[in-house]
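Novice: Structure in structure tokens, see below.
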Amino acid sequence: MKKQALISAIAVSALLAVASFVTAQEVQSLRTTPVDEQNIVEDVFQQDKQRFGRNYRQQPPLIPHSVEQYQIDLKANQCLRCHDWSTAGERNAPTLSMTHYLDRDGNQLDRVAGTRWFCNQCHVPQVDAPALVDNTFKASSGSN
């Protein structure tokens, strides 16, 4: 019983020591403006007007336009308004690869396969932004 009381007393004193240390630290904000003012952030990178070449064989193409407001979820995929095989011609947009219309077993479908429904898993908007980390990647010899 005495051992239990001793352990409890040590735990309480350790908790109080940590609490007093935490309250003594000054909290600093990462914001550059006061909390009650709007924090304005400038756009750093813009979409490029020309299309980027691919860096390796079978690289998914980059998207040359903004998709910020596009709905892509279980109910809708706004990319298909222009890029589905049934609408691409009249919209003057590239058609999806036929691989997007194959199910897991390789059967041809008339609609985009569920495994290819979420376009932004593979395709991202192109931006001429600096690399976030140094790398030694070299494009394939046959790429643009």
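Laboratory data are not the source of any read-out in this text; all were calculated from the coordinates shown. This one's a predicted model, so the numbers in the text were calculated from it and none came from an experiment. Cβ placement follows ideal geometry from the backbone for every residue including glycine, while neighbour counts extend to all protein chains displayed.
Novice: For the chain, just the Cα set please: Rg and Dmax, both in angstrom.
Specialist: 26.9, 84
Novice: Calculate the spin-label point distance for L16 paired with V35, positioning each point 7 Å from the Cα along the beta-carbon direction, and give it in nanometres.
Specialist: Going by the 7 Å Cα→Cβ label model, 3.0 nm.
Novice: Report the per residue volume, in Å³, of the convex hull enclosing the C-alpha atoms of region 47-118.
Specialist: Enclosed volume per residue, from the Cα hull, is 114 Å³.
Novice: Same structure, new question: Quickly estimate the mean residue ellipticity at 222 nm for the chain, helices only: each DSSP H run with n ≥ 4 gives -39500 (n - 2.57), and the total goes over all residues, rounded to 500.
Specialist: -6500 deg cm²/dmol
Novice: Give the relative contact order (percent, whole number) for the chain; include only Cα pairs under 8 Å separated by 6+ residues.
Specialist: Relative contact order of the chain: 27 percent.
Novice: Listed highest first by mean packing, meaning other Cβ atoms within 10 Å per residue, what order do 5-14, 30-39 come in?
Specialist: Packing order, densest peptide first, comes out as 5-14, 30-39.
Novice: Under unit Cβ charges (Lys, Arg +1; Asp, Glu -1), what dipole magnitude, rounded to 20 debye, does region 61-129 have relative to its Cα centre?
Specialist: Taking the Cα centre of region 61-129 as origin, the dipole is about 80 debye.
Novice: If neighbour count is taken as other Cβ atoms inside 10 Å, put V124, V18 in order from fewest to most.
Specialist: V18, V124
Novice: From Cα pairs below 8 angstrom and at least 6 apart in sequence, can you work out the relative contact order of region 61-129, rounded to a whole percent?
Specialist: Normalised by residue count, the contact order of region 61-129 is 36 percent.
Novice: Taking +1 at the Cβ of each Lys and Arg and -1 at the Cβ of each Asp and Glu, which of C82, T115, L30 sits farthest along the dipole of the chain towards its positive end, judged by Cα position relative to the Cα centre?
Specialist: T115
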